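Values in this text are rule-based calculations from the coordinates and carry no lab data. None of these values were measured; they are calculated from a predicted model. For neighbour counting, all protein chains shown are included, and Cβ atoms are generated from backbone atoms with ideal geometry for every residue, glycine included.
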Amino acid sequence: MNIHEYQAKALLKSYGAPVAAGVAIFSADEAEAAARQLPGPVYVVKSQIHAGGRGKGKFKELGPDAKGGVRVVKSIEEVVANVKEMLGNTLVTKQTGPAGKQVNRLYIEDGASIARELYLSVLVDRTVGRAAFVVSTEGGMDIETVAEETPDKIVTVAIDPEAGVTDEDATALSDALELQGEARVEAGMLYRILYHAFVEKDLSLLEINPLVVLTDGNIRVLDAKVSIDGNALFRHPELVELRDLTEEDGKEIEASKYDLAYVALDGNIGCMVNGAGLAMATMDIIKLYGAEPANFLDVGGGATKEKVTAAFKIITADPAVKGILVNIFGGIMKCDVIAEGVLAAVTEVGLEVPLVVRLEGTNVDLGKKIINESGLNVIPADDLDDAAQKIVAAVKGA
């Protein structure tokens with residue numbers, strides 16, 4: 001689960017991280033009062049959407065010459081004017097795709113006198129099975145670009161979970177960031193603060209880009225991106241309250257109600273599969289034969305008829321879907337349950353696109369019998385390769 005920048009900063013501030021004063025607003029009427037709470041005379045008006053690249057983004061409604069989604073202004077009057085221009089409009093960044101995202105929240109923050117911009121993040125390094133810091137002197141840039149063009153400027157330090165952030169770890173990180181003086185002292189405390197927050201709140205990503213050294217020698221968290229492990233949310237009801245459903249795909253929200261693993265994609269072939277590995281293989285083979293999957297959907301090993309019905313309805317609710325591939329290998333999941341769920345969903349919502357079904361495993365003969373005797377226009381498949389070829393051909397009209 002992702003949260004907004006202002007929420008991430010409030011979380012980090014509660015652990016003691018150096019964060020500037022700021023106020024989140026939801027309407028233009030709140031702008032002046034919010035700005036008057038800040039020291040000034042420089043203010044930053046920041047769009048709050050779940051996507052990076054906001055500063056370089058463009059608002060659909062404002063034309064190519066308009067400023068981006070993060071604006072530095074020097075008066076309360078300018079704050080109000082920019083809030084009115086930004087709020088409610090659609091911001092397009094390289095991470096939102098061409099559709100963009102509507103800006104429903106803004107964060108007005110106190111300005112900063114910046115000497116240096118650095119990159120710092122904490123994530124799970126699966127190669128060593130530990131949380132790790134990733135740092136670079138190239139703050140403000142996309143870390144992917146830095147990794148591609150100057151990989152030597154990225155340093156990774158894995159943290160021993162029993163020891164936490166040691167003095168040796170802090171030294172390695174500060175050396176990599178080329179920190180001196182007061183900034184080095186403050187950074188040594190910040191590493192421990194961030195690691196504590198990362199572990200205690202079950203985060204999957206904590207990114208600060210940029211972490212800045214101010215002209216007075218202090219450091220400040222200038223931007224913050226936080227992602228929380230969805231599997232751990234039951235332990236953190238206080239974080240669940242931060243969820244912004246307007247930033248999420250409606251189909252993914254519906255899927256979460258049934259404990260379905262669903263991710264919307266950009267293709268036109270809907271997939272319903274049991275098991276994450278099989279789902280990935282199904283998407284790969286669809287691409288191999290020249291088409292694109294419309295979703296990742298794993299109904300799980302113990303799915304009920306109701307969950308399968310819900311999954312099928314979510315797939316068919318996507319107007320981009322021009323065909324559906326059901327690929328089930330029955331172990332714990334029984335093929336007859338899948339068949340009954342598909343029939344129930346089709347009966348309820350109808351079937352207007354080609355449907356290819358490949359069943360194998362537990363109760364496969366019963367599952368095939370249920371579908372074959374249903375009277376539905378279903379295309380049977382013998383194996384995954386056969387299924388992929390048939391659904392791609394059907395969608396392309398062959």
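A few comments on the model shown:
- Net charge of Cβ neighbours under 14 Å - reference GLU360; Lys, Arg +1; Asp, Glu -1: -3
- Prolate/oblate/rounded label for the stretch 21-110 (Cα gyration tensor, a/c 1.5): prolate
- Compactness relative to 2.2 N^0.38 Å, alpha carbon Rg of the stretch 322-398: 1.03
- Estimated FRET transfer efficiency (ILE253, LEU351; beta-carbon r; R0 22 Å; 0.05): 0.35
- Range in the chain, longest, excluding exposed GluC sites (Glu not before Pro) [loop by DSSP; at most 13 other beta-carbon atoms within 10 Å]: 1-161
- Computed FRET value (nearest 0.05) for GLU144 with GLU292, which takes r as the C-beta separation and R₀ as 22 Å: 0.45
- Using alpha carbons only: equivalent-ellipsoid semi-axes of the chain, gyration tensor based, whole Å: 46, 25, 18
- Computed P(r) (all Cα pairs; the stretch 114-239; 10 Å bins; percent): 13, 45, 34, 9, 0
- Net charge of Cβ neighbours under 14 Å - reference ALA17; Lys, Arg +1; Asp, Glu -1: +1
- Charge context of ASN268, other residues only, Cβ under 13 angstrom, K/R +1, D/E -1: 0
- Legend: P(r) of the stretch 263-356 from all alpha carbon pair distances, 5 Å bins from 0, whole percents, reading 3, 15, 28, 26, 19, 8, 1.
- Residue-wise HN-Hα coupling along the stretch 48-64, computed from phi with Karplus coefficients 6.51, -1.76, 1.60 (Hz; x: Gly, Pro): 10, 9, 8, 6, x, x, 5, x, 8, x, 10, 7, 4, 7, 9, x, x
- For the chain, a Gaussian network of Cα nodes joined below 10 Å ranks ASP169, ASP383, ASP298 by mean-square fluctuation, and the top entry is ASP383.
- Based on the Kirkwood approach, the hydrodynamic radius assigned to the stretch 195-311 is 17.1 Å, with every pair of different Cα atoms included.
- Karplus-derived 3J(HN,Hα), 6.51/-1.76/1.60, for each residue of the stretch 100-113, Hz, glycine and proline x: x, 9, 6, 8, 9, 9, 10, 10, 9, 10, 5, x, 9, 9
- In order through the stretch 150-158: 3J(HN,Hα) via Karplus (6.51 cos²θ - 1.76 cosθ + 1.60), integer Hz, x for Gly, Pro: 9, x, 5, 8, 10, 10, 10, 10, 7
- Between 0 and 90°, nearest 10: helix 305-316 axis offset from the chain longest Cα axis: 70 degrees
- Relative to the longest principal axis of the Cα atoms of the chain, helix 5-14 runs at roughly 60 degrees.
- Estimated 222 nm signal from helices in the chain, with DSSP H stretches of n ≥ 4 weighted -39500 (n - 2.57), rounded to 500: -10500 deg cm²/dmol
- Angle between the chain longest axis and helix 76-86 axis [Cα atoms, degrees, rounded to 10]: 10 degrees
- Stretchable slack from GLU306 to VAL199, in nm (0.36 nm times residue separation minus alpha-carbon distance): 34.9 nm
- GNM top mover of VAL364, VAL135, VAL92 - the chain, alpha-carbon springs below 10 Å: VAL364
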